[in-house]
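Visitor: One structure is given below, represented as structure tokens, and several questions about it will come after.
The values are calculated or read from the model by the stated rules, or taken from the named source; none is laboratory data. The model shown is predicted, which means the values in this text are computed figures rather than measured ones. Cβ coordinates were reconstructed from backbone atoms using ideal geometry, including for glycine residues, and neighbour counts include every protein chain displayed. Please note that ligands, DNA and RNA were not included when accessible areas were found on the heavy atoms of the full protein model with its side chains. Shrake-Rupley method; radii C 1.70, N 1.55, O 1.52, S 1.80 Å.
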2 protein chains.
Amino acid sequence: MSQSGFSPERRTLLKATAALAAGAGLSSRLRSDAEAAGKGATAPPAPSPSPRPAPPAAEITIIGPRKGYTPMIGTLVSMLNYTRWAVLRSVEGTKQADLDYLLDAKANTIGGMLMHLAATDTYYHLNTFQGMKWGSWPDSVKQKWDSAMTLGDAGRRDIKGHDLDYYVELMTESRERTLAELRKRDDKWLLTFDPAFKANNQWKWFHVCEHESSHGGQIRFLKGRLPGAKGGGD
Amino acid sequence: MSQSGFSPERRTLLKATAALAAGAGLSSRLRSDAEAAGKGATAPPAPSPSPRPAPPAAEITIIGPRKGYTPMIGTLVSMLNYTRWAVLRSVEGTKQADLDYLLDAKANTIGGMLMHLAATDTYYHLNTFQGMKWGSWPDSVKQKWDSAMTLGDAGRRDIKGHDLDYYVELMTESRERTLAELRKRDDKWLLTFDPAFKANNQWKWFHVCEHESSHGGQIRFLKGRLPGAKGGGD
């Protein structure tokens with residue numbers, strides 16, 4: 001068993017899943033007009049001005065209900081999947097030294113942010129599926145995840161020296177656990193309001209999703225500023 | 001009539017709408033654990049460790065159907081509203097010099113990114129509601145929006161010298177037009193697949209939403225690096 005509790009077989013499966021999401025052949029199709037002009041990846045993906053004959057539709061750019069989930073949950077899952085795909089695509093091939101690169105004394109590393117995304121799934125999982133009050137996590141959970149959740153000084157101190165697979169595995173593991181729980185729930189649960197949080201469950205998981213996009217934007221910004229980086233600035 | 005085609009009365013209404021979204025009293029409640037530790041705004045909002053008695057629920061953190069829209073469209077609108085609220089909150093009070101600040105030669109300004117968000121709504125509006133092929137915009141549209149959509153050199157050259165109200169007004173105007181069109185459509189339309197785009201309409205507008213979060217992350221990163229900035233680094 002690995003440190004993260006996965007058998008080698010399970011690891012392989014997870015890597016395959018991540019590779020499927022990251023390498024579904026969409027990179028060349030999801031080109032933004034800014035990308036087409038060599039300006040980076042911040043503008044929204046859009047077809048090139050003269051699109052080639054359309055390849056078969058890829059589910060990743062169809063937002064809507066998904067088999068195995070109730071309709072609203074499935075739609076949210078399709079959003080989580082797209083956002084995760086976009087982040088994994090943006091870090092594909094990033095080397096350890098670049099994952100550990102600090103732009104300035106205030107910055108987070110790309111690796112730190114990837115682990116932060118796994119921590120976010122983990123903590124929202126405990127809150128929404130296990131009913132734990134925010135911050136009341138067991139010590140073992142805090143020890144594993146608090147540096148990643150807090151980032152800043154703790155993140156810079158504790159999160160370094162890992163390759164991309166390490167982070168992708170943590171992200172995939174926590175996300176798979178999230179999806180397994182979402183498959184057991186229904187749209188009524190999704191709309192349930194939590195007075196302590198002042199938000200409903202759908203906000204919580206949508207927030208996990210848009211929070212991932214927010215860090216995705218920062219990751220792309222940092223990628224344009226790695227030593228030796230070429231091309232766009234964000 | 002102003003340059004953007006709004007009467008003074010309309011301007012006032014728009015500003016009030018934006019102020020409502022930006023200042024709904026949630027700032028103190030939507031605190032992340034990282035914020036609580038003075039580390040910035042990148043971690044997901046969550047209640048403070050010892051939340052005070054809950055104030056009345058704010059609709060902004062309830063993701064779900066909305067009056068005046070079909071169920072799936074309303075849910076997507078609630079996501080667009082939350083994301084817009086988060087971006088407006090992050091730039092509240094930003095002065096013109098800071099909106100024009102360039103971190104380095106590759107960077108976009110905060111003002112440029114805000115106008116980019118308005119351009120994104122505008123172009124997806126033309127594509128999804130008016131059926132225009134991506135990039136086939138009228139010259140008048142290109143002249144007004146292409147620099148903002150492309151960013152990079154064009155954005156740095158053309159977008160500067162404006163105060164925050166200028167950008168908020170453009171963002172609100174384009175978004176109001178989007179919402180007006182969404183009110184006329186239904187969930188079947190939302191799930192309609194566009195072969196030229198290789199995506200359905202819900203992906204397009206979800207992408208507008210998560211793309212806004214992505215730039216929101218970059219805006220927060222830049223805010224932590226403005227001349228004289230204190231506190232968190234991203």
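Visitor: Checking the structure you have, find out if any residue of segment B:177-191 is more than 14 Å from chain A (Cβ to nearest Cβ), without any contact (Cβ under 8 Å) to a residue 24 or more places away in the chain and assigned to a helix (DSSP H, G or I).
Guide: Yes, segment B:177-191 has at least one match.
Visitor: State all residues of segment A:206-229 that are more than 16 Å from the chain's Cα centre (by Cα), open to solvent by 20 Å² or more (accessible area, probe 1.4 Å) and within 8 Å of another protein chain (Cβ to nearest Cβ); if no residue qualifies, say none.
Guide: Listed by number, the list holds a single entry, A:ARG225.
Visitor: What is the one condition in (1) within 14 Å of another protein chain (Cβ to nearest Cβ); (2) part of a helix (DSSP H, G or I) that B:PHE197 does not satisfy?
Guide: (2) is the only condition that B:PHE197 fails.
Visitor: Would you pick out the residues in segment B:156-165 that are open to solvent by 10 Å² or more (accessible area, probe 1.4 Å) and in contact (Cβ under 8 Å) with a residue 12 or more places away in the chain?
Guide: Selection gives B:ARG156, B:LYS160, B:GLY161, B:HIS162, B:ASP163, B:LEU164, B:ASP165.
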